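Data first, discussion second: the structure below is written as C-alpha cells.
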Amino acid sequence: MKAPDFDYVRVRSLDEALAALAAHGEGARILAGGQSLVPALNLRLLAPEILVDIGGIADLSGIALADGTIRIGAMTRHADLERSPEIARHVPLLARAVREIGHPAIRNRGTIGGSLAHADPASELPACVLALEARIVARGPSGERTIAASDFFRGLYETALGPDEILVRIEIPAAAAGERFAFHELARRHGDYAMAGIAALARDTGAATLRIAYFGIGSRPMLAAGAAAALRDHGASEAGAAAAVRALGADLEPQSDLQASAALRMHLAGVLLRRALKDLFPDAAGGREEEIA
Amino acid sequence: MTLLDTPRKHGDASDGGAIGARLSRLDGKLKITGAATYALEQPVDGLAYAVLVPATIGAGRVARIDVAAAKAAPGVRLILTPDDDLGLQPATDWNNVRASDGPYVPLPRDIAYNGQPVALVVADSLEQATEAARRLAIAYEEGPVTPGLDSPNAGEGSPLDQLSVAWGDAEAALAAAPVRVEAEYHTPREYHAAMEPHGLIARWEGDRLTVWEPSQWTHSMARSYAEWFGLPPENVRLVSPFVGGGFGSKGFSYGFGAIAAAAARRLGRPVKLAVTRPQNFAAYGGRAATRQSLALGATEDGVLQAIVLRGASETSTVGTWVEQVGAATPLMYAVPNFSARQRLVAVNTVTPGALRAPGKTPSAFAIESAIDELACAVGADPLEIRLRNYAEEDPQARKPWSTRRMREALAEGAEAFGWARRSREPRSMRDGHQLIGWGLATGTFPVIRNYGEALVRILADGSAEVVTGATDIGQGTYTILAQTAAEALGIPFERIDVRLGDSALPGAPVAGGSKLAGVMTGAVQKAAIAARDELIALALNDPNSPFRDTGANTLILADGRISAPRGDGPVVSVGELLGRIGRERIEVRRDTLPDHLQTPEGRFRAWTTMTTVQGPTAGDYSMHSWCAHFVEVRVDEDFGTIRVARMVSAFDCGRLYNPKLAESQWKGGIIMGIGMALLEEGLVDSRNGRVINNNLGDYLLPTNADVPDIRVIDVGIPDPHASALGGKGVGEVGIVGVAPAIANAVFHATGRRVRRLPITLDALV
Ligand SMILES: Cc1cc2nc3c(=O)[nH]c(=O)nc-3n(C[C@H](O)[C@H](O)[C@H](O)COP(=O)(O)OP(=O)(O)OC[C@H]3O[C@@H](n4cnc5c(N)ncnc54)[C@H](O)[C@@H]3O)c2cc1C
C-alpha cells in the first residue's frame, strides 16, 4: 500500500524544525530514519499533514565523550552505535544491544532518537537507557529540558515528549571501572522484535547499584526495582536470585499477544533474570556456577 | 528412445550442456536483475486499477452497500457489488465436471468467510480506488461463525467413505497387540505466502480476452475464463512467463479473477487487480488444518501389527477440499492390518487448497511421529525400527515398488549425519543450557504421470527453440527443457531458447504434483528427436546437401555440427546445412498422448483437467519418491527456544535432470518444513473468523538466519517406469517428513512429545 498524501520539508536547523512543528501542531511528524514511521504511513495507520525531515541537521548526529558523559545525537544511526569504538568502550551495553535490532538494512537507517521517541515496548534501546540511567534531552519552543529515562516512557508508544518538542540527544554516564552489564533477548525467529528481553547494569562489582530493565514484556520498557532491591538485600546469591525472581511479580505487568501469553512472559522474565545475574556476578559466593542456578 | 540410449552422465561439467549437468537456472539472471516481467508488471496501455473489498464478518449476508460516497470520489470508474449481475456461467472443475445450476456468482450476497470479496472498486489510479473503497458503507447481517476445525461448534463433520482404506482386521489386531501407542496429532492452517502475491491484468479486444496472471497451469486457467464469459476457448489467452512462487496456489482461476475480468469488459478498458498481501490470506485457500488420532499396535520388538487412523480436516461451507491425512500412512511400513478413515468438517473459511505436498505433509507428521513413539516404547533406535518394519512392496496396492531406495537413504543419511553416535535416552545430550536432540523421519511423494506437448524449432542460425505452454514457477522448467533439447538435438545448451507460460502455446499439465519435469522432458525429447531425424533425413537426401553423395545412411549431430559416423566426410554446422538446402527452419510439434486421446476433445481434456492423470499405482508398479531427514535441534532448557542446528537429508527421486536444481528444490522444501515445524500457523479470531496474522510480519516464515546448514544427498537411480527419462518427482517430497523429524529431535532433546504444530516455547517450558 502507499502512504496517504503528505507534505514534506527537509529542515537544516533545529530552529527551522521547531518552527515547522509550531506551524503545523499535531499535523506534523518528525521523520528520522523512517524505519518505524514509513511502514506506519504505508499501512495508513498514520496520516500526518507534513513530515519534518531532520536528517539534514548536521549537529544532531554524533557521539562525544566529555566530563565522564557520553552524548549521542538523536540522529545517530544504529549502525553508527554498532561500529563506534567510544560506545564499545564507554557504553558496552548499547554496543551489545544494538546488534539485535532488526537487520543491517534497518540499522543503517534507524536512529537512537527515533527508537526512543517511538517507544515500542519491544525495542532494545529504551530498556537500555533505563538501565543506564540516561538523560534524554529535548528541545521545544521554550528551550531545552532534560528528562530522566525513568520518567520518559509513559505507555505504549507514549513518551514525555510534547508534540512541539524534538529529542536532540541522549546523555549517558560513561562506564566506570568494574562496571558490568548483561543483555539477553528472545525471539522465535531471527531478527524479529523480542518477545522478551532484559538489559541489566551494575556500576560496580556488587549488587548495590544494580538496575534491571525489561523490554517486550509489558506496554512499555520497565525497571524491575523490586528485583534489584531484593538482590541488594540478599546479595548476589541463590537466595538473592530467588527473591529477585519472586519480586518480578510486583515489578512487571506482562501482556499477552500472538507471540506469547502473559504467564509465559513472566516465566521468561525469571529465566532472563537468572541468566543476567550469572553474567553479572560470575564470582558470586565463591564463583561456583551452581550458586545462581 | 529408452533410458539405455541416453548417454551416462556424471552430473558435473564433463557432461557439457545436456541432461544431468549442474547448470544454473536460465531465468536466474533475469530474475535477480529485475528483467523478468511478472504478470502485474506487464506494460499495458490505458489501465484502470481495481481494489478488492473483503467482508469483515465471518458469516452472514451483505444487507446493503451504499456506494454513493465512493462513486463520488475522484477517479472512480466502476463499482461492482452483489447488486450487480455479472452474467457469468460456471466453469468446469478439474474433474471435467461443469455445474449446470449456474449462473456463477463470484460476488455473492451470502458471506461464508471473513475476507470474502463483497465489492470491487475500479478507478484511474490505485490510490483513488483504495480511497473510494474506504468510502463504501457496507451493512451486514451477521450469522453464527464456526471459525476453525477445533471450534466447539464445528462438530465432527461428515465421513469421506471414498477415502477409507482397510485391510486385515486392524481394530482386533490393535487390541491384541502387546505394545500400543496412541495419540492425537494436529496441524494448523498454513499459507503459501509466495513472494509474488496474486493478481491479474485483464484486457478485452472485442470478445477476445488476454489475462496476465501468475499461473501454474495456463491452459486450464484460460479455460475457466472462457467458460465464465461463454467464449470459445481460443478467445482467451492467459500469459505467465514468470511466477514468483506458487506452491499449489496458482493452478486455478479464482473469483477475484472473474470479477476483475468482468469489470474490464464493462469498462471497455484493461483492469489491473493486485491482491494485497493481507488479502492473499483469504482470496484463496492455504493448507487445511488437520487432526489425526493414530494408533499403532506392535510386538514387543516393535514389529507393526496394526495401524488405525481416524482423521479430520477442515473445508469451507461453500466448497470441498480434502487434505488427505491418510496419504502417506499406508505406504511407509509393512503392516498386516490397517484401517484409515477421514472426516471433513465445514467451517467459515475460504475453501482450502493444495499447498506443497498436500496430504502427505500432515500425514507424515502423524505416522512419522508415532513410529518414533513406538521406537521409544520398545527401546529401539528410530532408524532400526524403520528397518524392522521396512515395506518391501506397496502394502496397500500390493504391487512391487518401481524403485525404493529408502534403505540407502537411511544408511547414507545416517552415515553423513553421524547417527551412530546418538545416545538413546532423551535429555542425554547437552551443551550448557542447550539440550541437544537428534531426530529422524522419512517422507514420500507419489509419481504422478500425465501427457504433454512441445514444439521444437531448429533455426537457420543453428540455434533451436523449445515452445510449450507449461510454466516455470521457479522449479527450473526453462533450464531442464533446454538441457533435454540440447542433448537430443546435439546443439549446445547455450543455443537453445525456451518459451513457456502461455495458453496459446502447445499443451501441458499443471506445474503441480511434482510431475511437470517428468512429463515435459518426455514431450520435448520426443519432439527434439523427431526434429533431429528430420534434419538428418534432409541432409542425407536433399540434392544440395554435402552429405548427399557420401553413402552414409545416418549422420551424427553433436555440438551443433553434423558429420558422418565414420568421420571421413564433411563436417558442417546445422546453420550451414539449413542454408545449403534452402530451409529457414525445421519445426516439429509432438505430444505424448495415447491414441485414445488423439481427438480435439481428448487433447482439450488432457491440457485443462486432471482426468488424464495416472496415479502412482496405475501400472504394474507402485512409484514414489522417498526421503529420510536427520535433524539436530538445540533447545534452550529454560526458555524453550528451538533452533535447528543442522540437517542431513537423503533423497531417492530417480534420475536427476539437473542435480543443482533438484537440490535447490529439496532444500526449499526442507526450509518450508522448518517453518511448518516451528513457525507457521494461521491464527484465527474466534469471534469473526478473521485470519489475524495476515501479513509477513506476523505469519512467521523462516529467515535465512533460521536455516541451518542443510546437506542433501542423492541416492536415487533412474526409474524406467516413472518417466521417459527416468526421473521421479523432486518438487514436493522435500517438505514431507521434516516436521516430524524436528518434533522427534525435540523429544530426544527434552523428553517432551509435542504433537501439535507449530512447536512453540510454551509447549516446552
Ligand atoms: C523490519 C524491521 C525490523 C525492526 N526490528 C527492530 C528491532 O528488532 N528492534 C528495534 O528496536 N527496532 C526495530 N525496528 C525499528 C527501528 O529500530 C527504527 O529505526 C526505530 O524504531 C525508529 O527509528 P527511526 O529513526 O527509524 O524513526 P522514524 O521511523 O523516523 O520515527 C519513529 C517515530 O519517532 C518520531 N521521532 C523520530 N525522531 C525523533 C526525534 N528526534 N524527536 C522526536 N520524535 C522523533 C517520529 O516522528 C515517529 O513518530 C525495526 C524496523 C523494521 C522496519
Residue among A:A74, A:A64 that alone is at pLDDT 95 or above and surrounded by fewer than 18 Cβ atoms within 10 Å (Cβ to Cβ)
A:A64
Checklist (1) within 16 Å of the ligand (Cβ to nearest atom); (2) more than 30 Å from B:Q483 (Cβ to Cβ); (3) without any contact (Cβ under 8 Å) to a residue 12 or more places away in the chain applied to B:I692, failing item
(1)
Condition set more than 30 Å from B:A222 (Cβ to Cβ) and surrounded by 24 or more Cβ atoms within 10 Å (Cβ to Cβ), scope region B:587-624, selection farthest from the other protein chains (Cβ to nearest Cβ): answer is B:S622
Tell me which residues, restricted to region A:39-54, are near the ligand (Cβ under 8 Å from one of its atoms) and within 14 Å of chain B (Cβ to nearest Cβ).
A:P39, A:A40
Scan region A:59-69 and give yes if some residue there is more than 7 Å from the ligand (Cβ to nearest atom), assigned to a loop (DSSP other than H, G, I, E, B), within 14 Å of chain B (Cβ to nearest Cβ) and free of Cβ contacts under 8 Å to residues at least 60 places away in the same chain, otherwise no.
no
Does region B:690-709 hold any residues that are farther than 24 Å from B:R755 by Cα and more than 10 Å from chain A (Cβ to nearest Cβ), and which are they?
B:R690, B:N694, B:L696, B:D709
Which of (1) of a type in the set (G, A, S); (2) farther than 30 Å from B:G285 by Cβ; (3) in contact (Cβ under 8 Å) with a residue 60 or more places away in the chain does B:A411 not meet, given it meets every other one?
(3)
Residues in region B:642-674 that are in a helix (DSSP H, G or I), touching a residue at least 40 places away in the same chain (Cβ under 8 Å) and either closer than 17 Å to B:D706 by Cβ or within 14 Å of another protein chain (Cβ to nearest Cβ) (or both): how many?
7
I'd like to check something: does region A:232-241 contain any residue that is more than 14 Å from chain B (Cβ to nearest Cβ), surrounded by fewer than 21 Cβ atoms within 10 Å (Cβ to Cβ), under 25 Å from A:T159 (Cβ atoms) and of a type outside the set (A, V, I, L, M, F, W, C)?
no
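Can you pull out the residues in region A:186-203 that are within 17 Å of A:R265 (Cα to Cα) and more than 10 Å from chain B (Cβ to nearest Cβ)? Walk me through it before giving the result.
Let us first name the residues in region A:186-203 that are within 17 Å of A:R265 (Cα to Cα), namely A:186-189, A:192-199.
Residues satisfying the conditions are A:A194, A:G197, A:I198, A:A199.
Out of curiosity, is A:L264 in a loop (DSSP other than H, G, I, E, B), free of Cβ contacts under 8 Å to residues at least 12 places away in the same chain and either buried (at least 23 other Cβ atoms within 10 Å of the Cβ) or within 11 Å of chain B (Cβ to nearest Cβ) (or both)?
On the way: in a loop (DSSP other than H, G, I, E, B): no; free of Cβ contacts under 8 Å to residues at least 12 places away in the same chain: yes; either buried (at least 23 other Cβ atoms within 10 Å of the Cβ) or within 11 Å of chain B (Cβ to nearest Cβ) (or both): yes.
So A:L264 fails the test.
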Within region A:246-260, which residues are within 14 Å of chain B (Cβ to nearest Cβ) and of a type in the set (D, E)?
A:D257
Can you tell me which of (1) outside any strand (DSSP E or B); (2) in contact (Cβ under 8 Å) with a residue 40 or more places away in the chain; (3) crowded, with 18+ Cβ neighbours inside 10 Å; (4) more than 9 Å from the ligand (Cβ to nearest atom) is the one A:A95 doesn't meet?
(2)
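For region A:157-166, name all the residues that are within 21 Å of A:F215 (Cα to Cα) and near the ligand (Cβ under 10 Å from one of its atoms). Before the answer, list the steps.
Looking only at region A:157-166, we keep the residues that are within 21 Å of A:F215 (Cα to Cα), and these are A:157-161.
Selection gives A:Y157, A:T159, A:L161.
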Among the residues of region A:182-203, how many are in contact with a helix residue (DSSP H, G or I) (Cβ under 9 Å, 6 or more places away or on another chain), surrounded by fewer than 24 Cβ atoms within 10 Å (Cβ to Cβ) and within 15 Å of A:L280 (Cβ to Cβ)?
2
Just name the residue that is farthest from the ligand (Cβ to nearest atom) out of those in region A:99-110 that are under 17 Å from A:P39 (Cα atoms) and either among the hydrophobic types (A, V, I, L, M, F, W, C) or part of a loop (DSSP other than H, G, I, E, B) (or both).
A:A105
Among (1) within 28 Å of B:T276 (Cβ to Cβ); (2) more than 14 Å from every other protein chain (Cβ to nearest Cβ); (3) within 12 Å of the ligand (Cβ to nearest atom), the one test that A:L81 misses
(1)
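Any idea which of A:E124, A:E49, A:E86 is among the acidic types (D, E) and crowded, with 22+ Cβ neighbours inside 10 Å? Let's see the steps before the verdict.
Values: A:E49 fails: crowded, with 22+ Cβ neighbours inside 10 Å; A:E86 fails: crowded, with 22+ Cβ neighbours inside 10 Å.
Matching residue, one of A:E124, A:E49, A:E86: A:E124.
The values are calculated or read from the model by the stated rules, or taken from the named source; none is laboratory data. The model shown is predicted, which means the values in this text are computed figures rather than measured ones. Ideal geometry is used to build each Cβ from the backbone, glycine not excepted, and the neighbour counts take in all protein chains shown.
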